[in-house]
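Colleague: I have a structure I would like to understand better, so I am pasting it below and will then ask my questions one at a time.
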Amino acid sequence: MENVKEKIKTFLKQLSLYTVISVTFVLGLSIGYYYDVLKNSLTRNKPQSIKRSEVNLALDENNHLMIIKKSNGLYTTYEDSIGYVIFNLYAKSIWGQATHQKTVTDGK
């Protein structure tokens, strides 16, 4: 009986050793795979620039800014705070153009 108990103990020791090695190997592979996936998914997108002549700007009923492409009609909606900022910038540029133009007088 003692001989069987010793064989079971040695078998369980080897089984636990191989189990620890296998689990470590699987964890290493999964960490390596998910690290690559996370690294690729967290890259920042480069900002896109668009020309004013290619799009129309609009505000919806909730004051969300909509940028509508003239070529295909696709649009992107932004928060209302962005709409306010862009509207103020656009209004200031138009106001600046109006105030800096020379007015023509009839000479009086």
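Each reported figure results from applying straightforward, stated rules to the coordinates on display, with no laboratory input. Just so it is clear, the structure is predicted and the values come from calculations on it, not from any experiment. Reconstructed Cβ throughout: ideal geometry from the backbone, glycine too, with neighbour counts over all protein chains shown.
Colleague: In nm², what is the average projected area of the convex hull enclosing the Cα atoms of the chain?
Modeller: Values: hull surface 62.2 nm².
Here the figure is 15.6 nm², rounded to one decimal.
Colleague: Would you look at the GNM of the chain, springs on alpha carbons closer than 10 Å, and say which of K51, K69, K13 moves the most?
Modeller: K13
Colleague: Only Lys, Arg, Asp and Glu count, each charged at its Cβ (+1, +1, -1, -1), so figure out the dipole size of the chain about its Cα centre, rounded to 20 debye. Could the numbers behind the result be given before it?
Modeller: Working: 14 positive and 9 negative charges, 86 e Å.
Charge dipole, the chain, about its Cα centre: 420 debye, nearest 20.
Colleague: Quick check: net charge around S71, other residues with Cβ under 15 Å of its Cβ, Lys/Arg +1 and Asp/Glu -1?
Modeller: On the way: positive: K51, R52, K69, K70; negative: E54.
Residues near S71 contribute +3 overall.
Colleague: Something else about it: With θ taken as phi - 60° and the coefficients 6.51, -1.76 and 1.60, list the Karplus ³J(HN,Hα) couplings across region 26-38 in order, rounded to whole Hz; mark glycine and proline as x.
Modeller: 5, 5, x, 5, 5, 5, x, 5, 6, 4, 5, 5, 5
Colleague: Further question: Determine ³J(HN,Hα), in whole Hz, for all residues of region 51-59 in sequence, where each value follows from phi through the Karplus function 6.51 cos²θ - 1.76 cosθ + 1.60 and θ = phi - 60°; x replaces Gly and Pro.
Modeller: Couplings: 8, 4, 6, 8, 9, 10, 9, 8, 10 Hz.
Colleague: Okay, next question. In Å, the Kirkwood hydrodynamic radius of region 52-96 over pairs of distinct alpha carbons? Mind showing how you got there, number by number?
Modeller: On the way: mean 1/r = 0.0914 Å⁻¹.
Hydrodynamic radius (Kirkwood, Cα pairs) of region 52-96 is 10.9 Å.
Colleague: Name the residue from S16, M1, L27 whose Cα lies farthest towards the positive end of the charge dipole of region 1-42, charges +1 on Cβ of Lys and Arg and -1 on Cβ of Asp and Glu.
Modeller: The listed residue farthest towards the positive side: M1.
Colleague: Here's another thing I want to ask about it. How many percent of Cα pairs in region 1-42 exceed 12 Å?
Modeller: Numbers: 589 of 861 pairs.
The answer is 68 percent, as a whole percent.
Colleague: Here is a follow-up. Contact order normalised by length for region 52-96, with contacts defined as Cα pairs under 8 Å and 6 or more residues apart; what percent is it? Write out the running numbers ahead of the final one.
Modeller: Values: 52 pairs, mean separation 12.6, N = 45.
28 percent.
Colleague: Apply the Karplus curve 6.51 cos²θ - 1.76 cosθ + 1.60, θ = phi - 60°, to the phi angles in region 62-69 and return the couplings in whole Hz, x for Gly and Pro.
Modeller: In residue order, the calculated couplings are 9, 6, 7, 6, 10, 10, 10, 6 Hz.
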